[in-house]
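*Asks:* Dropping the structure in here first, questions after.
The values are calculated or read from the model by the stated rules, or taken from the named source; none is laboratory data. Values in this document were obtained by computation on a predicted structure and should not be read as measured data. Counting neighbours? That spans all protein chains shown, and the Cβs are built from the backbone with ideal geometry, glycine included. In case anyone asks, the SASA skips ligands and DNA or RNA and just uses the protein heavy atoms, side chains included. Shrake-Rupley method; radii C 1.70, N 1.55, O 1.52, S 1.80 Å.
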Amino acid sequence: MRIGFGNDIHKLQDGKPLIIGGVTIPSEFGAVGHSDADVLLHAVTDAILGALALGDIGSHFSDKDERWKDADSFIFLGEAIRLLKEKGFEVENVDSIINLEKPKLRPHIQTMRENLARELEIEIDCVSVKAKTGEGLDSIGLSQAIKAEACILLRKI
Ligand code: MG
């Protein structure tokens, strides 16, 4: 077994798309980033790379690389999954938290879980996505940022 932990934070800005876990969420503001700024997919990708001790998402997909400008973050997750398979692992389960003040994410959580379950090739009951606000405090609470954290367990096949 291998455990991995990943996190990510992006600045929020008016007029940007808000994409979380592959779901485009109706919102006046979204996350700023070199890619599509999907914090949840970035955190899960980082957790997989961490479990494999293969560095972090930035060492595989530099934000200075024009290839990843506005890139679909499923590309990053797909590469991490390719690496875990290459190393002879499969995913046991994943747990994650999204920190965002608004809008409410509850209506979208199930679709995010379905997206992750499909990509990770596991059952949906092995995929947890939780959402928390910042209670009006710090950069999350002031709607200046969105953050995600993920913990993943890999099993040697
Ligand atoms: Mg990121």
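*Asks:* So, of the residues in segment 1-13 that are within 13 Å of the ligand (Cβ to nearest atom) and of a type in the set (D, E, K, R), which turns out to be nearest to L84 (Cα to Cα)?
*Replies:* Looking at the filtered set, the residue picked out is D8.
*Asks:* Any idea which residue in segment 14-47 is nearest to V127 (Cα to Cα), counting only those that are surrounded by fewer than 18 Cβ atoms within 10 Å (Cβ to Cβ) and either free of Cβ contacts under 8 Å to residues at least 60 places away in the same chain or within 13 Å of the ligand (Cβ to nearest atom) (or both)?
*Replies:* Only one residue fits best here, namely T24.
*Asks:* OK, next. With respect to S62, is the statement that it is of a type in the set (S, T, Y) and more than 14 Å from the chain's Cα centre (by Cα) true?
*Replies:* yes
*Asks:* Moving on to the next point. So, F74, is that one touching a residue at least 40 places away in the same chain (Cβ under 8 Å), open to solvent by 20 Å² or more (accessible area, probe 1.4 Å) and among the hydrophobic types (A, V, I, L, M, F, W, C) or not?
*Replies:* So F74 passes the test.
*Asks:* What pairs come out if I take residues in segment 116-127 that are free of Cβ contacts under 8 Å to residues at least 24 places away in the same chain and pair them with residues that are open to solvent by less than 40 Å² (accessible area, probe 1.4 Å) whose C-beta lies under 6 Å away, six or more apart or interchain?
*Replies:* A117/V127; I124/A117
*Asks:* Taking I57 as the residue in question, decide whether it is at pLDDT below 95, of a type in the set (V, I, T), crowded, with 21+ Cβ neighbours inside 10 Å and in contact with a helix residue (DSSP H, G or I) (Cβ under 6 Å, 6 or more places away or on another chain). Lay out the reasoning, then the answer.
*Replies:* Values: at pLDDT below 95: yes; of a type in the set (V, I, T): yes; crowded, with 21+ Cβ neighbours inside 10 Å: yes; in contact with a helix residue (DSSP H, G or I) (Cβ under 6 Å, 6 or more places away or on another chain): yes.
Judged against the criteria, I57 is a match.
Here is a yes/no grid of residues against (1) among the basic types (K, R); (2) more than 15 Å from D8 (Cβ to Cβ); (3) within 17 Å of the chain's Cα centre (by Cα):
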position	(1), (2), (3)
I81	no, yes, yes
K104	yes, yes, no
E114	no, yes, yes
E123	no, yes, no
V129	no, no, yes
E135	no, yes, no
